[in-house]
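Undergrad: Sharing a structure here in structure tokens format.
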Amino acid sequence: MSYAYLFKYIIIGDTGVGKSCLLLQFTDKRFQPVHDLTIGVEFGARMITIESKPIKLQIWDTAGQESFRSITRSYYRGAAGALLVYDITRRETFNHLASWLEDARQHASMNMTIMLIGNKCDLAHRRAVSTEEGEQFAKENGLVFMEASAKTAQNVEEAFVQTASTIYKKIQDGVFDAANEVRACKNFLIWQIDDDGWPYNFRMGSKSDMEETKELQLEEMEVLLKVEFAAAETLWKKYENEKVLIFIFLCFK
């Protein structure tokens, strides 16, 4: 299925807070009560719609163990959104949020949208962290906040979709805040498709000036398509009287 944008997410937080269960509930609409510890990273994807635009979410679920922190840090690069998760029944997972947040802000873009999720809200009778505390932490650190339950699916859809909505709005507003000296790299790659469906005539240029393009060799295209990006937009347009595929990538620097 084609999509207008692709957003990369990373899910972070202590071991056992329900990161993998949230991902599984969102992508597969099911709850797995017994789940092996994540080793390194796991991956999931799903299509959603924001303001009539089809958007693909590419979601990386990371291990919460300290021994995997170096691996987790490598996945911050290029992430447009992060879900920072704690367990409302385990106080220590809330106490560790500051460390996770520091990591995220050190290794990811300043413009990355961070959603704070207090998971396992179905276990309110075992609550160790109040809703007000979660709200206060989010307010103090400029995060979006909601409590959710991977088991009952409460607010799971809302958490992922609201994060995407915030990212989409940032893109529509220009993506980056110049006051924070964060710059956006917005370029496009275009290629024509022959009658057999094979691409040819690779070119690269600036989105702001469609007429100024640079011809690329196939090898150069292969390198460019491996670039780390936070969001990508694809669309078909008429260019020089030919129908071409335009791949626009937004790189967080």
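Undergrad: Mind checking which residues of the stretch 103-131 are assigned to a loop (DSSP other than H, G, I, E, B) and touching a strand residue (DSSP E or B) at 6+ places or on another chain (Cβ under 8 Å)?
TA: Once the filter is applied, which keeps residues that are assigned to a loop (DSSP other than H, G, I, E, B) and touching a strand residue (DSSP E or B) at 6+ places or on another chain (Cβ under 8 Å), the stretch 103-131 yields ALA108, SER109, ASN111, MET112, LYS120, VAL129.
Undergrad: Would you pick out the residues in the stretch 108-134 that are closer than 24 Å to ILE167 by Cβ and surrounded by fewer than 16 Cβ atoms within 10 Å (Cβ to Cβ)?
TA: Hit for the stretch 108-134 is MET110, nothing else.
Undergrad: For residues that are acidic (Asp, Glu) and either outside the structural domain of LEU24 (by TED's automatic domain parsing) or in contact (Cβ under 8 Å) with a residue 60 or more places away in the chain (or both), tally how many sit in the stretch 114-146.
TA: Here the count works out to 0.
Undergrad: Same structure, new question: Using beta carbons and a limit of 6 Å, which pairs, at least six apart or on different chains, have the first residue in the stretch 13-33 and touching a residue at least 40 places away in the same chain (Cβ under 8 Å) and the second one acidic (Asp, Glu)?
TA: That search, which allows pairs on different chains as well, returns VAL17/ASP87; LYS19/ASP61; SER20/ASP61.
Undergrad: Within the group GLU158, GLU140, which residue is modelled with pLDDT of 95 or more, under 18 Å from the mean Cα position of the chain (by Cα), over 17 Å from ASP87 (Cβ atoms) and not small (Gly, Ala, Ser)?
TA: None of the other options fit; the residue is GLU158.
Undergrad: Is it the case that SER149 is part of a helix (DSSP H, G or I) and in contact (Cβ under 8 Å) with a residue 24 or more places away in the chain?
TA: Considered against the rule, which asks whether it is part of a helix (DSSP H, G or I) and in contact (Cβ under 8 Å) with a residue 24 or more places away in the chain, SER149 comes out as no.
Undergrad: Looking at TYR76, TYR168, can you tell me which residue is in a helix (DSSP H, G or I), under 14 Å from the mean Cα position of the chain (by Cα) and aromatic (Phe, Trp, Tyr)?
TA: TYR168
Undergrad: If you don't mind, there's one more thing I want to ask. Would you say TYR200 is crowded, with 20+ Cβ neighbours inside 10 Å and at pLDDT below 95?
TA: No.
Undergrad: Could you list all residues from the stretch 1-20 that are over 17 Å from the mean Cα position of the chain (by Cα) and modelled with pLDDT of 85 or more?
TA: ASP14, THR15, GLY16, VAL17, GLY18
Undergrad: Here's something else I'd like to know. Output the residues belonging to the stretch 69-93 that are farther than 22 Å from PHE26 by Cβ and either among the aromatic types (Phe, Trp, Tyr) or at pLDDT 95 or above (or both).
TA: ARG91, GLU92
Undergrad: Closer than 24 Å to SER149 by Cα, among the acidic types (Asp, Glu), at pLDDT below 90 and not in a loop (DSSP other than H, G, I, E, B), is that true of GLU42?
TA: yes
The values are calculated or read from the model by the stated rules, or taken from the named source; none is laboratory data. Being a predicted model, the structure only gives us computed values, none of them experimental. In this analysis, Cβ positions are derived from the backbone assuming ideal geometry, glycine residues included, and neighbour counts consider all displayed protein chains.
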